[in-house]
Amino acid sequence: MTALLQDLRYGVRTMARDRAFTVVAILTLAFALGANTAIFTVVNAILLRPLPFDKPEQILRVSTQNTINGSIDPVLSHPNIEDLRTQSRSLDSVGVWVRTSSFFWEGDEPVHATGSLLSTDMFRVLRAKPLLGRTFTPADDRAGAPPLILLSYDTWQRIFHRDPTVVGRVIRFGTGNKRRTIVGVMPQGFVFPIEADCHDFWTPFHAEMDAVDLSHRDALFIEALARLKDGATIDQARAEAEVLGRRIEALYPAEATGFRYHIVPFHEQLVEGVRPALLLLLGAVALVLLIGCANVANLLLARAAGRRREIAIRSAVGATRGRIVVQLLVESVLLAVIAGACGVLLASWGLEVLKAFAPAEIPRLDTISLDLGVLAFTLALSVLTGVVFGLAPALAASKTNLNETLKEGTRGSTEGKVRNRIRNILVTAAIALSLVLLVGAGLLLRSFMRVTGVNPGFDFQSTALVEVSARQAVYDTPAKEDAYTMRVVDAMRRLPGVRSAGAVDMLPLDRNERTWAFQIIGQPPPPLGQEPSATTSVVTPDYFRTMSIPLLRGRDVSNRDLTNTPFVIMVNETFARRWFANQNPIGRKLLLRSDEGDQEHEIIGVVGDVHYHDLTRDPAPMLYLAVRQHPQRHMHYIVQTANAATIGPTLRGVVRQIDHEQPVLDVRTMADVRGQSLATRRFNMILLGVLSALALILAAVGIYSLMSYTVTQRTSEIGIRMALGAGTADVFRLIVGNALKLVGIGVVVGVGAALAATRLMSTLLFGVGASDPATFAAICITIAAVALVASWVPARRAARVDPLVAIRYD
């Protein structure tokens with residue numbers, strides 16, 4: 001321990017003497033360790049940290065699997081959930097939820113809130129207890145029970161100001177004059193569903209679904225979780241569910257042909273969408289750290305050359321090689337630990353920026369924070385980093401003896417050549433690693449540019465929208481819903497500067513979807529379980545004109561398409577091409593199998609394709625129903641105008657003018673909707689781009705440092721060459737050529753590594769291959785250009801050497 005303290009004190013004095021080296025080394029490592037700390041914090045919170053429930057490994061996500069087409073739907077029907085709950089012997093409980101939204105009333109202004117309808121069993125699945133009051137009981141979760149509400153901690157704090165007497169209070173809640181009784185407040189750590197946006201409230205499931213027919217096995221709209229019994233395994237639960245699924249399929253072929261339960265651990269299902277990108281970023285910061293280590297190792301090697309006499313004297317007075325290695329490693333570890341502390345500070349700032357720009361699709365975003373586990377990781381990584389970048393220089397420096405020291409720097413110095421070779425290898429490795437990162441960032445950039453170049457099929461630059469869910473207490477019949485919808489559209493159409501107005505229930509690129517099965521009348525019915533289906537939206541007249549979606553054939557829906565007239569439907573080009581190839585679909589009839597029962601609709605028009613789900617996916621078959629035949633409470637009212645970015649308050653005012661108590665859910669532009677659909681890709685691209693830029697800067701610093709040291713080391717040689725007639729251009733070629741030689745080797749190695757590494761990110765790419773030649777060529781040219789610039793200053797300094805001074809240089 002005494003020796004260690006002596007080494008630490010000596011290391012501090014050494015760092016204080018060589019302040020320039022210390023600052024450069026600490027900054028280099030601080031950025032690399034800070035990036036690793038920040039990304040590991042995200043990975044730890046999302047991928048590694050257990051869910052905040054008791055025995056979270058027992059919680060399973062249950063979904064619907066179709067054995068005919070292999071698709072997995074995250075929702076189930078109520079009868080299939082009940083069968084699993086009552087017949088499985090491996091499951092302790094099965095809870096269900098349906099997402100919803102509503103409004104709290106604070107004064108006269110409604111406050112929009114998100115929530116879920118939860119079954120009583122969900123609290124058994126999550127084993128969650130309230131902070132205040134109680135959760136729902138079986139008596140609460142039944143038809144006809146008094147309306148109750150459970151608050152989140154954030155809602156209790158934000159709206160009710162942490163009032164400890166809030167339990168039992170009757171509040172106004174919803175779009176009418178409904179009243180609900182607060183039964184409890186959940187603790188601060190309780191978040192369900194586990195998403196970036198926490199829910200504000202929960203209400204009893206069965207009491208809320210009283211008016212909904214839950215008996216249909218093909219009505220998929222309920223999400224479910226299950227908890228394993230103590231001692232049971234997921235394989236047992238899956239085996240029981242497989243037997244039960246086959247039994248349901250045999251008993252109910254008309255509704256359940258091809259049905260199976262899909263069961264996975266809840267945490268696994270939650271993170272499967274973000275795992276590839278997070279692991280990619282974790283690998284990227286590891287490469288940045290290796291580049292930083294290579295740079296600092298190079299600095300230590302150069303610094304060791306100035307400490308040759310000191311180390312030789314220590315050896316001469318009896319210090320063993322092992323003792324010298326330990327001393328040098330203590331210095332490098334001390335340097336890395338200080339850099340790690342600075343890196344934690346940088347990471348804390350970086351995490352705030354990262355969370356501010358992170359897309360909402362990232363789960364558990366609010367739990368990302370520096371904790372003791374992350375600090376322990378950074379400390380361990382700092383120590384390991386100090387050993388990694390310090391070991392090779394320490395071994396090389398400790399090998400010095402008196403005779404070699406006297407020869408060091410001359411042509412006969414064997415150790416000098418060895419150290420030069422190590423420095424060259426380190427710089428080459430840094431170049432190769434930075435190329436791997438830059439190629440990955442370049443591929444994501446090109447992929448993003450390809451995605452943004454995709455025509456969504458509608459006008460997103462001059463359209464704005466307001467999202468409204470008409471108050472159920474007031475607009476409680478289809479006729480009233482229809483009248484309200486048309487009144488809002490007409491009012492918006494009359495606004496100054498508005499060229500057209502329309503409405504739709506399901507907005508393109510907004511990640512909401514409704515799919516209905518259908519049968520083409522006049523064709524043989526498909527086999528059970530293989531009925532075709534299409535995404536369905538309900539639209540007003542002029543919706544397509546407002547969105548600039550072209551009408552290719554037939555006519556648009558009109559105000560004459562009412563509930564007492566034959567039902568009509570419009571299809572998109574993909575639908576017409578798939579099911580009416582080389583035929584005219586106008587006049588053909590479809591039998592829609594929907595929540596409203598089987599209904600016959602006549603095709604009256606064909607419109608252009610729209611990328612409804614995602615810009616990276618081919619347009620899906622679409623069906624468009626007339627809103628006046630299928631009135632909806634929840635609608636997006638859209639206007640086409642030159643001032644789409646500023647018309648939002650006006651649209652909100654129109655809604656409140658028609659009904660001053662009608663809340664507005666959201667006001668956006670279609671450009672916002674499109675941008676949100678690209679948020680995850682943009683986030684991944686920017687983050688990897690920043691890491692790649694940092695890697696390139698570190699590689700450039702490494703090249704500059706090596707060339708500067710080379711110029712210093714070869715000053716005498718350069719003077720002799722110039723004295724013998726070498727010109728400025730010759731000296732430039734000598735220094736720059738040496739740099740480009742290292743770059744060439746690094747590029748060759750890096751290209752090979754990048755070809756292997758980029759295959760792992762193929763799922764994140766669109767419209768560009770993992771081995772895209774243009775990207776590889778551009779990155780190679782960029783690295784060569786950066787190396788040329790980095791070696792230019794040392795080469796220029798070498799070219800200005802006075803031959804007489806250089807020859808006398810020692």
So if I check each of S771, S762, which one is open to solvent by 60 Å² or more (accessible area, probe 1.4 Å), of a type outside the set (D, E, K, R), outside any helix (DSSP H, G or I) and at pLDDT 75 or above? S771
Any idea which residue in region 774-810 is modelled with the highest pLDDT, counting only those that are open to solvent by 70 Å² or more (accessible area, probe 1.4 Å) and assigned to a loop (DSSP other than H, G, I, E, B)? R800
Does region 241-256 contain at least one residue that is assigned to a loop (DSSP other than H, G, I, E, B) and free of Cβ contacts under 8 Å to residues at least 40 places away in the same chain? yes
Checking I313 against (1) open to solvent by less than 10 Å² (accessible area, probe 1.4 Å); (2) modelled with pLDDT under 80, which test does it fail? (1)
Looking at R487, R494, R511 in this structure, which one is within 21 Å of S548 (Cα to Cα), open to solvent by 30 Å² or more (accessible area, probe 1.4 Å) and in contact (Cβ under 8 Å) with a residue 40 or more places away in the chain? R511
Among the residues of region 373-386, are any over 30 Å from R674 (Cβ atoms), at pLDDT 80 or above, aliphatic (A, V, I, L, M) and in contact with a Ser or Thr (Cβ under 6 Å, 6 or more places away or on another chain)? yes
So which pairs qualify, if the first residue must be in region 657-677 and more than 19 Å from A501 (Cα to Cα) and free of Cβ contacts under 8 Å to residues at least 40 places away in the same chain, the second must be outside any loop (DSSP other than H, G, I, E, B) and open to solvent by 40 Å² or more (accessible area, probe 1.4 Å), the Cβ gap must be under 9 Å, and the two must be at least 6 apart or on different chains? G675/R682
When every residue in region 440-465 that is of a type in the set (S, T, Y) and crowded, with 18+ Cβ neighbours inside 10 Å is compared, the one nearest to A693 (Cα to Cα) is S447
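Quick one: count up the residues across region 572-594 that are of a type in the set (S, T, N, Q) and open to solvent by less than 40 Å² (accessible area, probe 1.4 Å).
Number of matching residues: 3.
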Let me confirm something: among F104, F123, which residue is modelled with pLDDT under 90 and within 31 Å of the chain's Cα centre (by Cα)? F104
Return yes or no: is R545 open to solvent by 40 Å² or more (accessible area, probe 1.4 Å), part of a strand (DSSP E or B), among the basic types (K, R) and in contact with a strand residue (DSSP E or B) (Cβ under 8 Å, 6 or more places away or on another chain)? no
Examine region 7-24 for a residue that is within 30 Å of V353 (Cβ to Cβ), modelled with pLDDT under 90 and open to solvent by less than 20 Å² (accessible area, probe 1.4 Å), and state whether such a residue exists. yes
Would you list the strands (runs of 3 or more DSSP E) that sit entirely within region 574-667 and hold 2 or more residues that are in contact with a Gly (Cβ under 9 Å, 6 or more places away or on another chain)? 597-607, 634-641
Quick check on region 568-580. Is at least one of its residues at pLDDT 95 or above and farther than 16 Å from P621 by Cα? yes
Just need a number here: residues in region 466-483 that are small (G, A, S) and open to solvent by less than 40 Å² (accessible area, probe 1.4 Å). 2
Does region 342-357 include one or more residues that are touching a Leu at 6+ places or on another chain (Cβ under 9 Å), farther than 23 Å from I26 by Cα, open to solvent by less than 30 Å² (accessible area, probe 1.4 Å) and not in a helix (DSSP H, G or I)? no
Conditions (1) in contact with a strand residue (DSSP E or B) (Cβ under 6 Å, 6 or more places away or on another chain); (2) closer than 30 Å to L27 by Cα: number failed by V285: (1)
Of the numbered conditions (1) in contact with a strand residue (DSSP E or B) (Cβ under 9 Å, 6 or more places away or on another chain); (2) more than 18 Å from P204 (Cα to Cα); (3) open to solvent by less than 60 Å² (accessible area, probe 1.4 Å); (4) not hydroxyl-bearing (S, T, Y), D83 satisfies every one except a single condition; which is it? (1)
Here's a check for you: in region 723-739, which residue that is at pLDDT 75 or above and buried (at least 17 other Cβ atoms within 10 Å of the Cβ) is farthest from the chain's Cα centre (by Cα)? L734
Only residues that are open to solvent by 60 Å² or more (accessible area, probe 1.4 Å), under 33 Å from the mean Cα position of the chain (by Cα) and among the basic types (K, R): list them for region 215-243, please. R238
Considering only residues that are open to solvent by less than 80 Å² (accessible area, probe 1.4 Å), touching a helix residue (DSSP H, G or I) at 6+ places or on another chain (Cβ under 8 Å) and within 24 Å of D163 (Cα to Cα), which ones fall in region 119-131? none
G416 - would you say it is at pLDDT below 95, closer than 30 Å to G750 by Cβ, open to solvent by less than 20 Å² (accessible area, probe 1.4 Å) and touching an Asp or Glu at 6+ places or on another chain (Cβ under 6 Å)? yes
Taking region 548-557 and keeping residues surrounded by 14 or more Cβ atoms within 10 Å (Cβ to Cβ) and within 29 Å of T477 (Cβ to Cβ) leaves D556, V557
Any residue in region 615-629 that's closer than 16 Å to I604 by Cα: show its pairings with residues that are open to solvent by 40 Å² or more (accessible area, probe 1.4 Å) and aromatic (F, W, Y) at Cβ separation under 6 Å, as long as the two are six or more apart or on different chains. Q629/F567
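Please determine whether any residue of region 433-448 is of a type in the set (V, I, T), out of contact with any Gly (no Cβ under 7 Å at 6 or more places or on another chain), under 30 Å from D772 (Cα atoms) and touching a residue at least 60 places away in the same chain (Cβ under 8 Å).
yes
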Would you call D154 under 26 Å from H78 (Cα atoms) and either open to solvent by 20 Å² or more (accessible area, probe 1.4 Å) or among the basic types (K, R) (or both)? no
If you go through G597, G648, the only one that is surrounded by 16 or more Cβ atoms within 10 Å (Cβ to Cβ) and modelled with pLDDT under 95 is G648
Unique match (being at pLDDT below 95 and crowded, with 18+ Cβ neighbours inside 10 Å) among V170, V191, V212: V191
Expected single match for within 18 Å of A38 (Cα to Cα) and surrounded by 14 or more Cβ atoms within 10 Å (Cβ to Cβ) among V285, V264, V271 is V285
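The values are calculated or read from the model by the stated rules, or taken from the named source; none is laboratory data. Small disclaimer: the values here were computed from a predicted structure and weren't measured. With ideal geometry, Cβ positions are generated from the backbone for all residues, glycine too; neighbour counts draw on all protein chains shown. We work out accessible area using only protein heavy atoms, side chains counted, and drop any ligands, DNA or RNA first. Shrake-Rupley method; radii C 1.70, N 1.55, O 1.52, S 1.80 Å.
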